[in-house]
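No lab work stands behind these numbers, since they all come straight from the coordinates. Keep in mind that this is a model prediction, so the values were computed, not measured. Note that we place each Cβ from the backbone using ideal geometry, even for glycine, and neighbour counts take in every protein chain shown.
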Amino acid sequence: MVKLNKINQILLFILIVFILLHFGSAFLIPLIFGIFFASLMMPLSNILEKIRVNRIFSSLLSTLVIFIVVGGILYIFVYQLSLFVADISAFRDEIIMLIQNIQNKITSAIGLSLEEQENLWKNRSDDILYAIERGLTRFLGNIFNTSAGFLLVLVYMFLLLYYRDKFSDSILRSVNKEKEEETKEVLNKTSKIVYHYLWGRAQVMALLGIMYYITFVIFDIPYAGFLTIFGALVTIIPYLGPFISGILPVLFAIIYLQNLQIILLFTIIIITIQLVESYVFEPLIIGHEVKINPLVVIVAITLGGMIWGLAGMILFVPIFAIIKIISHHTPGLEPVAYFLGPSRHPRDKNKKQNN
């Protein structure tokens, strides 16, 4: 009976958290982005204050850096996207030509007439086009909503940087004296993990973008700027992002490149770039301290997408990494930290000491 009550309490807690996250998204998403950006720029603010720059100016300059970098990337992406949309009719013609070539090859290979293929396409085309249109509309809507909240994110970021001592002091005053040092350690680790995740991810995305752009230029792939920015940005979503990042250029290559051998070579290079990004750049630059269980990553992406859309798919992974740190330092929650990722469990420490 006691165990059943405990399970009911856990389920009720999860339900309450889910409801708060869903209905509080308009408030929580900009706030969490602001917290993450503030953690990213805190080292710069500290450096500026060490050379006797006033805190209000150091916070303002750090916020301005984020505004220029993130705002510039969003502007370039939207500009490149507008160019692509303006040329969509030409893109459609290329797709029609590709479909006709495929139909001719199918006819010569298996004897299925063009009329029969056309009937099959008519039965399926509406559903396919509707799914593509719905997916693109949802994706662009998420980008627009995220961009619209960017100014609010900057306001939160500035205030968090300016009042950062008060926030940390408030947290320390809410715990017992004997827990102060451990709380400081948790706050320090949390700030570091956000910094390493965002800064490391930014470096990986930049390197990936450089490799993508060089490849697109060499193979003369159209809309190289749009594909590069989109391909680099979307990789911030673990697992799903790199797949989308790689599949879109390959589709463009199939449409615009006529030679099958060149298309295969291009595909191999894209796959190689993805492997280098995933297995070389990420471990070296981001490191293992922000790693969490791959199953948990998939759950985080799925839950994030369900609750907050694109923003949730980006934010929930580092949020789960922070939960891992807090659980590791909270009595009774060590098994949760052990499950979430490669943080050491007390039993592991005891085994090491005994050996």
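Observations on the structure shown:
- Solvent-free Debye calculation, one equal scatterer per alpha-carbon of region 175-289: log10 I(q)/I(0) at 0.16 Å⁻¹ equals -0.73.
- Where a label projected 7 Å from the Cα of Val155 along Cα→Cβ would reach, residues of region 32-57 with amide N under 20 Å: 32-39, 56-57
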